[in-house]
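First up is the structure itself, then whatever we jot down about it.
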Amino acid sequence: MNAQDPHLARTARQAPGAGVPGPRTLWKRLSRAIGDALPKGLYARSLIIIIAPVVLLQSVIAYTFMERHWQLVTKRLSSAVTADISALIDIYESYPQTRDAETLTRIASERLSLDLDILKGAKLPPAGPRPFFSILDEALSDEIKRQIGRPFWIDTVGRSNLIEIRVAIPDGVMRIMARRSQAYASNSHIFLVWMIGSSMVLLGVAILFLRNQIKPILRLAAVAEGFGKGRDIEFRPRGAREVRAAGHAFIEMKRRIERAMEQRTAMLNGVSHDLRTIITRFKLSLALVEQTPEVEDLSRDVDEMSRMLEGYLAFARGDSAEPAAATDMRALLEDLRTDVERLGAHVAAVDLAGSPVLTVRPDALRRCLFNLASNAARYGETVAISAREENRAFLVSIDDDGPGIPPESREEVFKPFVRLDDARQDAGGSGLGLAIARDIARAHGGDVSLQDSPLGGLRATVRIPA
């Protein structure tokens, strides 16, 4: 007997069901599919939470009413009418009748509210198509088969308020005309109308109140988004207690952030004042001594130190204190063209497509664009500036014909103090030009990205939410 590997045996036992997903996997897939199909907004989901139970409850009530009450009442009414017709047939066949069964016709009309005619020698009409959905037709046919047990023909559709029943008798056909209300619960739809009407009123009130509860949440989201873009929007918490608590927490967080930024700005202003004083003393001391090559080198080092200091302080301080305002982007881009031409580069074109007005911090955005444009002018001879609106965002692209930056290094150059051999940094050489540009763009809720330029160099794109 050959020994069998336990691992191979276990694999063989598991192989038939290896490809079948388990219950947990199926449940995860079903949950993911339901989640993808459901709406993503809070207002829509809240409506579903209200509407779904109401619709489910009304459906159960309607089904129970239709199944139990409506069909039961219709069946009993049809049974009563069929019993009257059966009694009329028994009387007609068991007792002598007057001419044309006048007495029987009178009794049927006065006592049973039925119109009766004896059609001697007549035959039943051919059977017509049955209605697709008719409780009356089904209930009445079953009762006639059960109580009378003779060939019959009925019409429950031809006239709106009457039904016609024809039953075969030995010498012809007995035709009976009855009101529909005698065999059918015709007023049951009133219950459904009241049920649906009350549900619509309930849903209308719920939607009205729910909308008023959702508005403060949407307002809070809009204010938070505006604060992230550097816009100061007036906000007063409203709505339910929990929403008000979230609003007050946001206001407190906003105050703490602004207070921290003010403290940092005040500290940096003090540091910059002290350092500028020392650098100014260096410059005055160097200006009073004899101008030798060594002194000139020291003067250039002091100037370089001054530029680097301004760059460091600008990066650390940022431009968050500047308020956002409606800015004419066309005029801002024309000023940028002038600044770039002063650096010695040729500006091929300045194109603007879309609305020229954008709510931004103008000085900060101007500095962001100038840092990118100055890098383009430093490494290229031709610069092109274009702007357009796209997907609720304002895009400004600055192209050049320089050597460009390798794709794998384009994110690296945005880090502070990072310098690559072919990287685009600010003219002062502090390694903060692109970092400051991206920091300003992100303070507006946007970003800066680098791509290949149609001019053969690099394209820097600033994206600002419109």
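Conditions (1) open to solvent by less than 70 Å² (accessible area, probe 1.4 Å); (2) touching a Ser or Thr at 6+ places or on another chain (Cβ under 8 Å); (3) of a type in the set (Lys, Arg), marked per residue:
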site: TYR43; (1), (2), (3): yes, no, no
site: ILE49; (1), (2), (3): no, no, no
site: ALA52; (1), (2), (3): yes, no, no
site: LEU57; (1), (2), (3): no, no, no
site: HIS69; (1), (2), (3): no, yes, no
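Each residue in segment 231-263 was checked for being open to solvent by 100 Å² or more (accessible area, probe 1.4 Å) and part of a helix (DSSP H, G or I), and 9 of them qualify.
Scanning segment 377-388 for residues that are among the charged types (D, E, K, R), modelled with pLDDT of 85 or more and under 33 Å from the mean Cα position of the chain (by Cα) turns up at least one hit.
For every residue, the table says whether it meets (1) under 16 Å from SER198 (Cα atoms); (2) in contact with a Phe, Trp or Tyr (Cβ under 9 Å, 6 or more places away or on another chain); (3) in a helix (DSSP H, G or I).
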site: LEU30; (1), (2), (3): no, no, yes
site: GLY35; (1), (2), (3): no, no, yes
site: ALA44; (1), (2), (3): no, no, yes
site: ILE48; (1), (2), (3): no, no, yes
site: ILE51; (1), (2), (3): yes, no, yes
site: VAL55; (1), (2), (3): yes, no, yes
site: ILE61; (1), (2), (3): yes, no, yes
site: TRP70; (1), (2), (3): no, yes, yes
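Based on what the data block shows, is THR64 at pLDDT 80 or above and of a type in the set (S, T, N, Q)? When the stated conditions are applied, THR64 does not pass them. Given the condition modelled with pLDDT of 65 or more, basic (Lys, Arg), part of a helix (DSSP H, G or I) and surrounded by 10 or more Cβ atoms within 10 Å (Cβ to Cβ), answer yes or no: does some residue in segment 17-24 qualify? There is no residue in segment 17-24 that is modelled with pLDDT of 65 or more, basic (Lys, Arg), part of a helix (DSSP H, G or I) and surrounded by 10 or more Cβ atoms within 10 Å (Cβ to Cβ). Evaluated against (1) within 19 Å of ALA324 (Cα to Cα); (2) of a type in the set (D, E, K, R); (3) free of Cβ contacts under 8 Å to residues at least 60 places away in the same chain, GLU381 falls short on exactly one condition, (1). Filtered by the rule that a residue be in contact (Cβ under 8 Å) with a residue 24 or more places away in the chain and either open to solvent by 70 Å² or more (accessible area, probe 1.4 Å) or in contact with a strand residue (DSSP E or B) (Cβ under 7 Å, 6 or more places away or on another chain) (or both), segment 328-343 gives ASP328, MET329, ARG330, LEU333, ASP335, LEU336, ARG337, VAL340, LEU343. Assess whether LEU369 counts as being closer than 19 Å to ALA441 by Cβ and open to solvent by 10 Å² or more (accessible area, probe 1.4 Å). No. Taking every residue in segment 241-257 that is outside the structural domain of ILE217 (by the TED database) and pairing it with any residue that is charged (D, E, K, R) and surrounded by 12 or more Cβ atoms within 10 Å (Cβ to Cβ), at least 6 positions away or on another chain, the pairs with Cβ-Cβ distances below 9 Å are ARG244/ARG238; GLY247/ARG219; GLY247/ARG238.
Looking at segment 391-412, is at least one residue outside any helix (DSSP H, G or I), without any contact (Cβ under 8 Å) to a residue 24 or more places away in the chain and touching a Gly at 6+ places or on another chain (Cβ under 8 Å)? Within segment 391-412, not a single residue is outside any helix (DSSP H, G or I), without any contact (Cβ under 8 Å) to a residue 24 or more places away in the chain and touching a Gly at 6+ places or on another chain (Cβ under 8 Å).
Residues that are buried (at least 16 other Cβ atoms within 10 Å of the Cβ) and assigned to a helix (DSSP H, G or I) do not occur anywhere in segment 114-126. Inside segment 154-171, can you point out the residues that are at pLDDT below 90, in a strand (DSSP E or B) and out of contact with any helix residue (DSSP H, G or I) (no Cβ under 8 Å at 6 or more places or on another chain)? The answer is ASP155, GLU164. Just so you know, in segment 152-171 the residues that are over 19 Å from LEU112 (Cα atoms) and exposed (fewer than 14 other Cβ atoms within 10 Å of the Cβ) include one that is nearest to the chain's Cα centre (by Cα), and it is SER160.
The values are calculated or read from the model by the stated rules, or taken from the named source; none is laboratory data. What you are looking at is a predicted structure, and each value in this text was computed from that prediction instead of being measured. Backbone-built Cβ (ideal geometry, glycine too); neighbour counts: all protein chains shown. Calculation scope for accessible area: heavy atoms of the full protein, side chains included, ligands and nucleic acids excluded. Shrake-Rupley method; radii C 1.70, N 1.55, O 1.52, S 1.80 Å.
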